[in-house]
Structures are given as C-alpha cells and as structure tokens.
C-alpha cells in the first residue's frame with residue numbers, strides 16, 4: 001500500500017499483478033475509460049486480428065459498453081465483418 005501511494009505521484013496507473021497478467025489488467029482499465037459519447041448512434045467495427053492476442057473477455061467488455069450507445073457493433077475487418085449487435089432504428 002505504501003509503494004502504491006508513492007508510485008501514484010509518478011505513474012498514470014498502478015496495479016499489483018504478475019508481469020504476464022499486467023497487460024490484461026491495463027487493457028480492461030483502458031476499455032472501461034473509453035469515451036462512449038464518440039460512438040453514440042454510430043456503426044462500430046471491433047478489429048479481431050492483430051499482432052498481440054486479445055483475451056475474449058475484452059471483446060465481451062467492449063461489446064457490453066458499446067451496445068447501449070452504438071447503432072451497430074461488428075467484429076472483424078471492414079471487408080468481412082460479422083454482425084454482433086444492431087439496434088432497431090425504429091426505437
């Protein structure tokens with residue numbers, strides 16, 4: 001606790017975890033801080049591939065956050081998207 005208090009003055013964020021799990025912890029924290037107003041009423045594509053593996057739970061978290069505000073959420077690349085969620089525009 002003392003170390004956390006001392007580091008908080010210099011660090012953007014502090015977590016107590018293993019090195020392997022640290023990237024995942026900070027990923028979830030960053031997803032939680034996304035400004036959802038930017039995505040209100042928009043179609044969103046969640047990129048599914050990249051150089052670093054993304055935990056399945058991160059895709060669940062981002063979908064849960066975007067579904068209430070986005071018009072549609074898709075997974076994959078623009079040329080081969082998989083629909084995940086689509087809001088009924090009549091609502």
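In the set (1) surrounded by 11 or more Cβ atoms within 10 Å (Cβ to Cβ); (2) out of contact with any helix residue (DSSP H, G or I) (no Cβ under 8 Å at 6 or more places or on another chain), the condition left unmet by residue 41 is number (1).
The set of residues in the stretch 13-28 being more than 8 Å from the chain's Cα centre (by Cα) and either at pLDDT 90 or above or closer than 22 Å to residue 66 by Cβ (or both) consists of 18, 23, 24, 25, 26. Consider the stretch 57-91 and keep the residues that are out of contact with any strand residue (DSSP E or B) (no Cβ under 7 Å at 6 or more places or on another chain) and not in a helix (DSSP H, G or I). The one that is modelled with the lowest pLDDT is 91.
Here residue 72 meets each of (1) free of Cβ contacts under 8 Å to residues at least 12 places away in the same chain; (2) under 16 Å from the mean Cα position of the chain (by Cα) with one exception, condition (1).
The values are calculated or read from the model by the stated rules, or taken from the named source; none is laboratory data. Quantities reported herein were computed from a predicted structural model and do not represent experimental measurements. A quick note on method: Cβ atoms are made from the backbone with ideal geometry, for glycine too, and the neighbour counts reach across all protein chains shown.
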